[in-house]
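Structure, as structure tokens:
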């Protein structure tokens, strides 16, 4: 209610000041900034009062979270985070992006390093033991990327003879899933901390394939079609969610409400079309939010 008192004082002072205040209100509405009524003591109130937020995301994944020329990450995950931040009444320029590789996503949430994580973050029961998820807001599927001239790898079963090396990222769902298909994990599965390193290893012929979610691989292929291609069809379902502290039910509910609103008003589809949608992946219908 502080906002209303300030506006009233400004209007009573002079007409000029009153008009200036109106102009400021309009600007705030456009950026998502401003005071909003949230429950006392809630994460939403804390962030709105502070007028700043820390968002964990990837910096190396085309279409979802990759550092652009601006020096800030760009992509679908980033745009989804911005929709949440706008509903919190915080301007975009007050977002601090924290690079969050797969292996540290739970850690940065539990330790309070970030306020939320939007980072191609597959919802699963193991992760729910430490953190909570809002969403999902997208469903991807694991696939395999190979060099353009590769003919022997056509899907995950191609690793069963023990002769091909496949790369993925430490702490990721795809790294765990591909273990079901390789003959010898110790010699065939190569793990790095980022997918950029896997891509470089594939191009340099240190590995024979890279496996992760299809939309991430499509981003790499779109940027270098002469070098890479997909091998086979998706072989898993990967629902992406927003990670928050395990006990913060109110914040999770708030994010779920924001996602439902984005599904309905078209901002979710717009975010996709302007980012990952450019690489040819299918968006499909909005997923059903899981309010567990």
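Just so you know, all these numbers are worked out from the coordinates, no wet-lab data involved. Nothing here was measured: the structure is a model prediction, and the numbers come from that model. Glycine also receives a Cβ, built like all others from the backbone with ideal geometry; neighbour counts cover every protein chain displayed.
In the elastic network of the chain, a GNM with C-alpha springs shorter than 10 Å, the most mobile of 256, 111, 143 is 111. Here segment 248-292 is treated as a Stokes sphere of Kirkwood radius computed over C-alpha pairs; at 20 °C and 1.002 mPa s its diffusion coefficient rounds to 185 µm²/s.
Within 10 Å of each residue's Cβ, count the other Cβ atoms and sort 248, 285 from fewest upward.
Numbers: 248 20, 285 7.
Neighbour counts put them in this order, fewest first: 285, 248.
At 20 °C and 1.002 mPa s, grab the translational diffusion coefficient of segment 94-193 from Stokes-Einstein with a Kirkwood Rh over Cα pairs, rounded to a whole number in µm² per second.
Value of D from the Cα-based Kirkwood radius: 138 µm²/s.
Separation of segment 53-100 from segment 244-292 is 14 Å, based on Cα centroids. Against the chain, whose longest principal axis is taken from its Cα atoms, helix 249-265 shows a tilt of about 90°.
To test your reading of the geometry: what angle, between 0 and 90 degrees and rounded to tens, separates the Cα axis of helix 2-13 from the longest principal axis of the chain? Once rounded, one gets 40 degrees. Computed across segment 47-146, the Kirkwood hydrodynamic radius from all distinct Cα-Cα pairs reaches 14.1 Å.
Residues 107, 149, 77 in ascending order of nearby Cβ atoms (within 10 Å, fewest first): 149, 107, 77.
Would you please calculate the Kirkwood hydrodynamic radius of segment 159-275 over all C-alpha pairs and express it in Å, rounded to one decimal?
16.6 Å
The alpha carbons of the chain stretch over 80, 39, 31 Å along the principal axes, in descending order.
Residue order for 137, 97, 240, fewest other beta carbons within 10 angstrom first, comes to 97, 240, 137.
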